[in-house]
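Okay, so here's the structure we're looking at.
What follows draws every value from the coordinates through simple rules; no lab data is involved. The structure presented is a predicted model; accordingly, all values stated were derived computationally and were not measured. A quick note on method: Cβ atoms are made from the backbone with ideal geometry, for glycine too, and the neighbour counts reach across all protein chains shown.
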Amino acid sequence: MKSIYKAAEDLRYLLSRGYPLNSAIELVGNHYQLSKDKRMILRRGVCSESKARERKNKKRGLSQLRGRPLGIDGHNVLITVESALMNKILVFSDDGFIRDISAISRGYCPSHFTTNALNIIFESLEHSPPSRMDWYLDAPLSKSGELAELIRYFLKRYKFEGAAQAVPVPERYLTKYSGLVATSDSVLIDVCEEVIDLAGEVIKSLPIKPMIF
């Protein structure tokens, strides 16, 4: 495990000096002979110092959510929380966001972990309720329509204003959303004005310790 921390230092150095991410990961990964999972840990966990500062400046906490609309990157948030519940590897990244490394997006299918995750998320939001929440799910993923229906049930159950819908490209809605955006997707974070690591905030209340770089 020591090698991955050394690799993270080297990758951080290269990224802070303008090296492209893919090339830098390949260079460092080959040098330290890292497995596919360890390379994914680096990809999800390490960024340049300037990018880390930029993302942290956009990051808001649960207390800043009260009374404001919240747009949720549905699959991103759910997969991260479910990964925590399944004791999968999580990374506390340089930019302050907690991410999973499962890379299961395309093969994702709702399960009993989904219901557990939704209960935990909605209970967390009761303490700092947004004025409304809008869930955007990736329509091409399996059973996205059924998942949207389940989330609408939770909205009614917890008495939140909002909506849940499966759309072809959730990012198109979230980049234009007038409010906080809940995601740990680095591409989305970089184009949104204010973001909240909703999954990370939820996970902090669980007896789980993410890997920290």
Loop sites in region 18-81: GluC sites (Glu not before Pro), DSSP, at most 10 other Cβ within 10 Å:
none
Counting only backbone N atoms under 16 Å from a point 7 Å out along Cα-to-Cβ of SER131, the residues of region 162-187 in range are 162-163, 177-181
Taking 0.36 nm per residue of separation between ASN87 and LYS209 and subtracting their Cα-Cα distance, the length gained on full extension comes to 43.0 nm
Long-range amide H partners of ALA166, meaning residues 5 or more apart or on another chain whose placed amide H is closer than 5 Å, are LEU137
Simple Cβ-charge dipole of region 135-213, Lys/Arg +1 and Asp/Glu -1, about Cα centre, in debye nearest 20:
400
Under the rule of at least 5 residues apart or a separate chain, name every residue whose amide H is placed under 5 Å from the amide H of ALA182.
GLY71, ILE72, ASP73, ILE196
To the nearest 0.05, how large is the calculated FRET efficiency for TYR13 and LYS56 if R₀ is 25 Å and r is the Cβ-Cβ distance?
0.80
Computed for the chain: size of charge dipole around the Cα centre, +1 on C-beta of each Lys and Arg, -1 on C-beta of each Asp and Glu, debye to nearest 20, value 280
With labels modelled as points extended 7 Å from the Cα through the Cβ direction, what inter-label distance (nm, one decimal) is found for SER105 paired with SER23?
2.4
If you average the C-alpha positions of region 11-51 and of region 100-167 separately, how far apart do those two centres end up, in angstrom?
31
Loop only by DSSP, 13 or fewer other Cβ within 10 Å of the Cβ. Give me the trypsin sites (Lys or Arg not before Pro) in region 47-131 that pass, ordered by residue number.
ARG66
Relative contact order (percent) for region 59-212, with alpha-carbon contacts under 8 angstrom and 6 or more residues of separation?
37
Step through the residues of region 61-68 one at a time and calculate ³J(HN,Hα) from phi using the Karplus curve (6.51 cos²θ - 1.76 cosθ + 1.60, θ = phi - 60°), rounding each to whole Hz and writing x for Gly and Pro.
x, 4, 5, 8, 8, 3, x, 10
If you plug each phi of region 192-202 into the Karplus form 6.51 cos²θ - 1.76 cosθ + 1.60 with θ = phi - 60°, what whole-Hz ³J(HN,Hα) values come out, in order, with x for Gly and Pro?
8, 7, 9, 9, 9, 7, 4, 4, x, 5, 5
If the reach is capped at under 25 angstrom between alpha carbons, list the lysines near LYS88, excluding any in the same chain fewer than eight residues apart.
LYS2, LYS6, LYS36, LYS38, LYS56, LYS59, LYS143, LYS204, LYS209
Please identify the trypsin sites (Lys or Arg not before Pro) of region 125-170 that satisfy two criteria: DSSP loop assignment and at most 16 other Cβ atoms within 10 Å. Which are they?
LYS143, LYS159
Rounded, prolate or oblate, given the Cα gyration tensor of region 133-213, with a/c below 1.5 counting as rounded?
oblate
